[in-house]
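Undergrad: Mind having a look at this structure? Questions to follow.
Derivation of every value follows stated rules applied to the coordinates shown; laboratory data play no part. None of these values were measured; they are calculated from a predicted model. Cβ atoms come from the backbone with ideal geometry, glycine included; neighbour counts cover every protein chain shown.
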Amino acid sequence: MDTTTNLRPFPAINFSNERIALQEGVSQWSYAKLRERIEHCACGLLGKQTDLKEERVAFFMPASVDYVTTLLGIWRAGGIAVPLNVAAALPEIEHALNTAKVTRLVVSITSPAESLAGLFALCRGMNIQVLNVSELLTCKIQMLPELSIDRRAMMLFTSGTTNKPKGVVSTHKNIRAQITTLLEAWNWMPEDSIPLFLPLHHIHGIINVLCCALWIGARVTLYQRFEMDTILRGVEDRDYTVFMAVPTIYVKLVSQLEALPEAPRKRVCDGFRAMRLNVSGSAACPAKLFNQWKALTGQSLLERYGMTEIGMAISNPYFGERRAGAVGVPLPGVQVALFDEAGHIIEGDDTPGEIRVRGDNVFQEYWQNPKATAESFVDGWFCTGDVAVRETGYYRIMGRSSVDIIKSGGYKLSALEIESTLLTLEKVAECAVVGVEDETWGEAVTAFVVLKPEQTLGYAELKAWCEPRMSPYKIPKVLRVMEALPRNAMGKVLKPALKTL
Ligand code: MCA
Ligand code: AMP
């Protein structure tokens, strides 16, 4: 077994040469060209050093060849890659930079211009050096380090039940395991071609789409966001063999397709029909959506289950029955079990329990947070907090053990984080945030607030106040001003009661 990594784990990047790796607009990059860029970037980051020794290097770019170059350049030079959310508000970026103790930040021509002035000022204040990919690309290629596979490689931020996101650290070995299980399970092949329009600060876009494709030698078409019309033109032109998205995107596609006149609808639907695989994940895919997609495109959506800390763990089969409303069976090399409240493994079907996961795919630690890390493992099993039941061998997700976690359009949000920001709004005396079932978003962030005496607050004012303080997708979709929040005898807010309102 290879225990070092100098991008050797990405076989295609080393050996595929003239195959097209990336497409961005009208530009294309072969694997050989991409490798050259990665090596320039790695050498630029190294300067006179021989190894970045797990330096945390953040980067702020949407899906682009520069993003890919930077991610793999940091890995190649021995750093920990910290991809930032390009839609984040400055206080959220500050939290990430601070938590990760980032020393350098890489930007590029693709970085959202409207955010750069604030970001640069933040970095000046934090003594973080800002670099541009274009400068790094001018550096001469020299010796690059041999790295142990156990080295830390990436830090992603995840919301939990605490109020601030934690840094989830994965090693090269974790990442390799997360990629290779999907290559095997979903039959990835070098001939594949996939559009990438998901945000690149989460596993779904980074591992399931980008890294799987680049590992095997497939082609990735990069979009900075979900550009529906352009992507559907590509589908119609049979540009893609595989499509991966969150349920919200399939909901939006269904309504777009249903609104099209028959001839163009048929062309796009036939484009989807001709693909070898359509995957849904990051949030529950309702059976209704599964059936609508099948009726329109003939595709049985392959639904899978994963988490930032573990990559993917459970998946419907590539060959065999894909069951609506279920997430399937454990992926190769991933151990999955359900545990009852007493902490015992549930052996048979039909008894719900918490999903716990073991395997090389499971992350190493929450960054510099040994307490949270220790609390999330029991006897070597990572405790997901998700509750599921097995039905004739297939897992079905039933919900989460915490009402404080909300899933909106595939993003996992902390109700407490949103509440703690809303409480800094001078007029607000108390507030409670919950996720309310919603056909498009899965759950819609809903804020219940009690105002201080003689204050008023309308939705437009709340939204405008939130904009510089939180990512757009965290901003409540609904505001309910209340006289008082429902509480139990202990004074705890009754969130389930709020949900039913
Ligand atoms: C956008 N908006 C949202 C969301 N996204 N509101 C709530 N929840 C959201 N997720 C709001 C914007 O603030 C804006 O509001 C309006 O919708 C239109 O924004 P726009 O950006 O144009 O929307 P969109 O492009 O249609 O975005 C929807 C989206 C996006 C494409 C579904 O949310 C998305 O890319 N989600 C995927 C997230 C993801 O990859 N998650 C994976 C993490 P207004 O009009 O009021 O300004 S989970 C993971 O990685 C694990 C391991 C796993 O299992 O996969
Ligand atoms: P995150 O850590 O942001 O990646 O979100 C992971 C969470 O998304 C999991 O803990 C689940 O609650 C949820 N999730 C992912 N995939 C699915 C799915 N197919 N069905 C239901 N929930 C899912």
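Undergrad: How would you order 188-198, 307-317, 53-63, 477-487 from highest to lowest mean count of nearby Cβ atoms within 10 Å? Write out the running numbers ahead of the final one.
TA: Numbers: 188-198: 19.9, 307-317: 24.9, 53-63: 22.4, 477-487: 14.2.
Descending mean neighbour count gives 307-317, 53-63, 188-198, 477-487.
Undergrad: A further question on this structure: Tell me, how many Å apart are the Cα centres for the stretch 224-261 and for the stretch 369-415?
TA: 29
Undergrad: Additional query: Can you give the FRET efficiency to the nearest 0.05 for S27 and A274, using r as the Cβ-Cβ distance and R₀ = 22 Å?
TA: On the way: r = 26 Å, r/R0 = 1.16.
Once rounded, the FRET efficiency stands at 0.30.
Undergrad: Helix-only estimate, please: 222 nm mean residue ellipticity of the chain, summing -39500 (n - 2.57) across DSSP H runs of length 4 or more and dividing by its residues, to the nearest 500.
TA: Details: 16 runs with 155 residues, N = 501.
After summing the helix terms and dividing by the residues of the chain, the value is -9000 deg cm²/dmol.
Undergrad: Then there's this: Taking the Cα centre of the chain as origin, work out the dipole magnitude from +1 charges on Lys and Arg Cβ and -1 charges on Asp and Glu Cβ, in debye rounded to 20.
TA: On the way: 53 positive and 54 negative charges, 106 e Å.
I would put it at about 520 debye.
Undergrad: Something else now. Provide the FRET efficiency to the nearest 0.05 for the N132-L90 pair, computing r from the beta carbons and using R0 = 22 Å.
TA: E between N132 and L90, to the nearest 0.05, is 0.65.
Undergrad: Just name one of P486, N14, L422: the one whose Cα is farthest towards the positive end of the charge dipole of the chain (beta-carbon charges, Lys/Arg +1, Asp/Glu -1).
TA: Highest projection toward the positive end goes to N14.
Undergrad: Highest mean first, how do 421-431, 72-82 rank when packing is the count of other Cβ atoms within 10 Å averaged over residues? Working shown, then result.
TA: On the way: 421-431: 16.3, 72-82: 26.1.
Output ranking for 421-431, 72-82: 72-82, 421-431.
Undergrad: Here's another thing I want to ask about it. What is the distance in Å between the Cα centres of the stretch 131-201 and the stretch 15-75?
TA: After rounding, the separation between the Cα centres reads 11 Å.
Undergrad: Then there is this: Name the residue farthest towards the positive end of the dipole of the chain from the options L182, L214, G47, assuming +1 on Cβ of Lys and Arg, -1 on Cβ of Asp and Glu, about the Cα centre.
TA: Result: G47, furthest along the dipole toward the positive end.
Undergrad: So, one more: When only Cα pairs under 8 Å and 6 or more residues apart are kept, what is the percent relative contact order across the stretch 256-400? Kindly include the intermediate steps, with their values, before the conclusion.
TA: Values: 245 pairs, mean separation 25.2, N = 145.
Relative contact order, the stretch 256-400: 17 percent.
Undergrad: Additional query: I'd like to know how the stretch 165-275 sits against the 2.2 N^0.38 Å rule of thumb: what's its Cα Rg over that expected value?
TA: Details: Rg = 15.3 Å, N = 111, 2.2 N^0.38 = 13.2 Å.
Cα Rg divided by the expected 2.2 N^0.38 Å: 1.16.
Undergrad: Restricted to Cα positions, what overall size does the stretch 429-501 have along the principal axes? Three whole-Å values, descending.
TA: 35, 33, 17
Undergrad: Follow-up. What do you get for Rg/Rh over the stretch 346-501 if you use C-alpha atoms and the Kirkwood form of Rh?
TA: Details: Rg = 18.5 Å, Rh = 17.9 Å.
Using Cα coordinates only, the ratio equals 1.03.
Undergrad: If you take the charge dipole of the stretch 362-501 about its Cα centre, with +1 on Lys and Arg Cβ and -1 on Asp and Glu Cβ, which of S408, L451, V362 is farthest toward its positive end?
TA: So the residue furthest toward the plus end is L451.
Undergrad: So, one more: In the chain, what % of DSSP beta bridges are antiparallel (nearest 5)? List each step's numbers first, then the result.
TA: Values: 55 of 85 bridges.
Roughly 65 percent of the DSSP beta bridges within the chain come out antiparallel.
Undergrad: How big is the chain on each of its three principal axes, counting only the C-alpha atoms and giving the largest first in Å?
TA: The principal-axis extents, from largest down, are 66, 55, 53 Å.
Undergrad: Got a sec? Which residues in the stretch 210-232 would a label at Y473 touch, if it sits 7 Å along Cα→Cβ and we count backbone N under 11 Å?
TA: Flagged as within label range: 226.
Undergrad: List, in the order given, every pair from K48/K166; K427/K477; K173/K371; K252/K294; K407/K463; K101/K164 whose Cα-Cα distance in the structure shown is over 21 Å. Spell out each step's value before the answer.
TA: Values: K48/K166 32 Å; K427/K477 19 Å; K173/K371 23 Å; K252/K294 15 Å; K407/K463 19 Å; K101/K164 15 Å.
Going by Cα-Cα distance, K48/K166; K173/K371 fall outside the 21 Å limit.
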